[in-house]
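> Have a look at the structure that comes next, please.
The values are calculated or read from the model by the stated rules, or taken from the named source; none is laboratory data. What you are looking at is a predicted structure, and each value in this text was computed from that prediction instead of being measured. Cβ sites come from the backbone with ideal geometry, for glycine too, and all protein chains shown count toward neighbours.
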Amino acid sequence: MFSKNNILTFLILLFSLHLYCQKDSTSVKERESKENLFIQEGLYKPLAPAKAAFYSAILPGMGQVYNKKYWKVPFVWAALATPTYFYLNNNSQYKRFRTAYKLRKTGLQDEFTDDLGNVSVSLETLEKAQEQLMENRDLSLMWGVILYVLQIIEASVNAHLLQFNTDDNLSFRPTFVNNPILFNAPKVGFTLKYTF
């Protein structure tokens, strides 16, 4: 089994591959026009969403790292660790009650029977506990799969949204226009005008 130091070293090396420096804001390329920058720098990357989804599928949270949304990684890990914990806990309890049920059915002593033969948990309770723990285990597995798929979708959608043009020229400016014909009877309206 891997030791904690080996795992920590592996994670540090893995995440250090995706650390980048901040670009110099006075560089010549950034002084060029927005259109030339868009074409030359390649801000539109059609495969970026696919890469983000692929990285998230391989290792949960890596798609968020690829999108440079590092703050989302602990949330992804916590979201996936929670159903994993409950799955493992419910599975171990299910096995415990299942073993006791099998021993009791064969007439052997189980953990819920003392040396004098006194039973603290009935056979019917053992059956119901198994059913409930199996249901909880399966629900935990289902939620784990759902959260795993959702983090892949989130990384892909975020990679799509990062490529949208958010220039200051794209803005919403409400204005009031007086109608000279109906000056005495004002009316309220809404007009949406956008330019590129």
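> Using beta carbons and a limit of 8 Å, which pairs, at least six apart or on different chains, have the first residue in segment 125-138 and farther than 13 Å from N91 by Cβ and surrounded by fewer than 18 Cβ atoms within 10 Å (Cβ to Cβ) and the second one at pLDDT below 95 and not β-branched (V, I, T)?
As it stands, the answer is E127/Y101, since those pairs meet every condition given.
Yes/no matrix, rows are residues, columns are (1) of a type outside the set (V, I, T); (2) at pLDDT 95 or above; (3) out of contact with any strand residue (DSSP E or B) (no Cβ under 6 Å at 6 or more places or on another chain):
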site	(1), (2), (3)
S16	yes, no, yes
V28	no, no, yes
R31	yes, no, yes
E35	yes, no, yes
Q40	yes, no, yes
L43	yes, no, yes
A48	yes, no, yes
K51	yes, no, yes
A81	yes, yes, yes
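> A further question on this structure: State the number of residues belonging to segment 114-141 that are acidic (D, E) and closer than 20 Å to T84 by Cα. So that I can check it myself, show each step before the final result.
Step one: filter segment 114-141 for residues acidic (D, E), giving 114-115, 124, 127, 131, 135, 138.
Narrowing the set further to residues that are closer than 20 Å to T84 by Cα leaves 131, 135, 138.
Count: 3.
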